[in-house]
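Notes follow once the structure below has been shown.
The values are calculated or read from the model by the stated rules, or taken from the named source; none is laboratory data. The structure displayed is predicted, hence computed values, not measured ones. Cβ sites come from the backbone with ideal geometry, for glycine too, and all protein chains shown count toward neighbours. For the accessible areas, the whole protein counts, side chains as well, though only heavy atoms, and no ligand, DNA or RNA atoms are used. Shrake-Rupley method; radii C 1.70, N 1.55, O 1.52, S 1.80 Å.
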Amino acid sequence: MSDDTLKVGSYEFRSRLIVGSGKYKDFETTRLATEAAEAEMITVAVRRVNITEAGKENLLDYIDPKKYVILPNTAGCFNAEDAVRTLRLAREAGGWDLVKLEVLGDTETLYPNVVETIKAAETLVDEGFQVMVYTNDDPIVATRLEEIGCVAVMPLGNPIGSGRGLANPFNIRVIKQRAKVPIVVDAGIGTASDAAKAMELGADAVLINTAIAEARDECLMANAMRDAVRAGRAAYLAGRMPKRSFASASSPTDGYFWT
Amino acid sequence: MKIQLNGESKEVQAADVLALIAELGLEQRLIAIERNLEVVPKSQYAETALAEGDHIEIVHMIGGG
């Protein structure tokens, strides 16, 4: 599996676990958990500088942009225009062209606004961004986003921060089967088995934030997610056995010496 | 002059974006600036003059998922 790399646009990764940097109690924990996850790509949000706190330490003092691929997101954007503005600023800030587009529909569900997401994706692809796009677990929309030129499609497993696992594993599989770009399960992963399940279904990667940041032991959960992603990926590549309705003996049924 | 800086009205001495960053004591590293909805490239901070009533946004990266 050493040559089993994840290719996203012009980037290539050994890790299939993408992490978020939100919700941590402090920057040092963010750093330690990101290392424990052995992630190579980490999402960040774009927000106003607090003018009265100039010189205060920043997330990127702990998460070295030379060591990690920084993936600016558009979290909190509810229309295409704000999302495009946000990522133009992110690109100017750090030169980052690989971005996570998410345009949300409402504050209660945080479900994607697909119409605005598609509009933003068209503009960003036109402007040369490499767009990884958060969307519903809808195969038709996933195909549309791929046709626009997004470099990865990231269907939700369940609402952001809900930790409820994969609501619709069948759709994740269908999306994967039809896609030529990487499919990343983004949002909903609550624990290691959810991550393994997503990978077993064929997801090319998973993106996890809350499940690690809200674990009692963040680094231990990051280890668990790292291992689950590797195990799920290996199981997917290995090809699972068929499911049967009845038992199939594991020991030979001939050569019995009892009657 | 008075500008709208990150959503708040602020009286500044700076005549251009480069001087504004210095006046605020900000590091140029890993921030980005928008003037009246247009991104100001880092290479043009010195040439980008500020005008009364400008809407300036200064952003950076924070934790997010």
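Provide, in order from the shortest bin, the percent of all Cα-Cα pairs of segment A:37-105 in each 10 Å bin, continuing until the bin that contains the maximum pair distance.
Answer for segment A:37-105: a P(r) of 19, 48, 30, 3 percent.
When the convex hull of the C-alpha atoms of chain A is computed, what volume per residue in Å³ does it have?
For chain A, the hull spanned by Cα atoms encloses 163 Å³ per residue.
Only sites in a loop by DSSP and with at most 14 other Cβ atoms within 10 Å count here; which trypsin sites (Lys or Arg not before Pro) in segment A:63-92 make the cut?
Within segment A:63-92, the qualifying trypsin sites (Lys or Arg not before Pro) (loop, at most 14 other Cβ atoms within 10 Å) are A:K66, A:K67.
For segment A:56-143, what is the Kirkwood hydrodynamic radius in Å, using each pair of distinct C-alpha atoms?
13.6 Å
Compute the semi-axes of the equivalent ellipsoid of segment A:212-259, taking the square root of 5 times each eigenvalue of the Cα gyration tensor, and list them largest first in whole Å.
40, 14, 10
Calculate how many DSSP beta bridges within the protein assembly as shown are antiparallel, expressed in % of all such bridges and rounded to the nearest 5.
Around 50 percent of the beta bridges assigned by DSSP in the protein assembly as shown are antiparallel ones.
I need the calculated FRET efficiency for the pair A:L237 and A:R178, taking r as the beta carbon distance and R₀ as 22 Å, to the nearest 0.05.
Result of the calculation: an efficiency of 0.70.
Add -39500 (n - 2.57) for each DSSP H run of 4 or more in chain A, then divide by its residues: what number comes out at 222 nm, to the nearest 500 deg cm²/dmol?
After summing the helix terms and dividing by residue count, I get -11000 deg cm²/dmol.
Determine the distance separating the Cα centre of segment B:11-63 from the Cα centre of segment A:207-259; give it in Å without decimals.
Comparing the Cα centres of segment B:11-63 and segment A:207-259, I get a distance of 52 Å.
With no solvent and one point on each alpha carbon, what is the Debye value of log10 I(q)/I(0) for segment A:105-197 at q = 0.15, 0.23 Å⁻¹?
Values returned for q = 0.15, 0.23 Å⁻¹ are -0.54, -1.15.
Measure off 7 Å from each Cα along the Cα-to-Cβ vector at B:Q28 and B:K2, then give the distance between these two points in nanometres to one decimal.
Each label point lies 7 Å from its Cα, and together they span 3.1 nm.
Which distance in nm do the two modelled labels at A:D4 and A:T191 give, with both placed 7 Å along the Cα-to-Cβ direction?
2.4 nm
Taking just the alpha-carbon atoms of chain B, what radius of gyration and Dmax come out, in angstrom?
So, for chain B, Rg and Dmax equal 11.4, 38 Å respectively.
Count the DSSP beta bridges whose two residues both fall in segment A:1-110, then state the antiparallel fraction as a percent rounded to the nearest 5.
Roughly 30 percent of the beta bridges in segment A:1-110 run antiparallel, per DSSP.
I'm a student and want to see the number: the projected area of the Cα convex hull of segment A:142-259, averaged over all directions, in nm².
Dividing the Cα hull surface by four gives the mean projection, 10.8 nm².
Chains A and B: how much accessible area gets covered up at their contact, both sides added, probe 1.4 Å, in Å² to the nearest hundred?
2500 Å²
Give me the dipole magnitude in Debye, nearest 20, for segment A:16-148 about the Cα centre, with unit charges on the beta carbon: positive for Lys and Arg, negative for Asp and Glu.
340 debye
Stretch A:N168-A:D64 to full length: gain in nm at 0.36 nm per residue minus the Cα-Cα span?
33.9 nm
Which percent, to the nearest 5, of DSSP beta bridges fully inside segment A:102-223 are antiparallel?
So the antiparallel bridges in segment A:102-223 amount to around 10 percent.
How high is the relative contact order of chain A, in percent, counting Cα pairs under 8 Å that sit 6 or more residues apart?
Dividing the mean separation by the residue count of chain A yields 18 percent.
With a Förster radius of 25 Å, plug the Cβ-Cβ distance of B:A14 and A:E57 into 1/(1 + (r/R0)^6) and report the FRET value to the nearest 0.05.
That pair, B:A14 with A:E57, gives E of 0.50.
From the Cα trace of segment A:1-71, what convex hull volume per residue do you get, rounded to a whole Å³?
104 Å³
In percent, how large is the relative contact order of chain B, given Cα pairs closer than 8 Å and 6 or more residues apart?
43 percent
Amide H to amide H, which residues 5 or more places from A:D186 or on other chains are under 5 Å from it, using H placed in the peptide plane?
Distant-sequence amide H within range of A:D186: A:L156, A:G157, A:L207.
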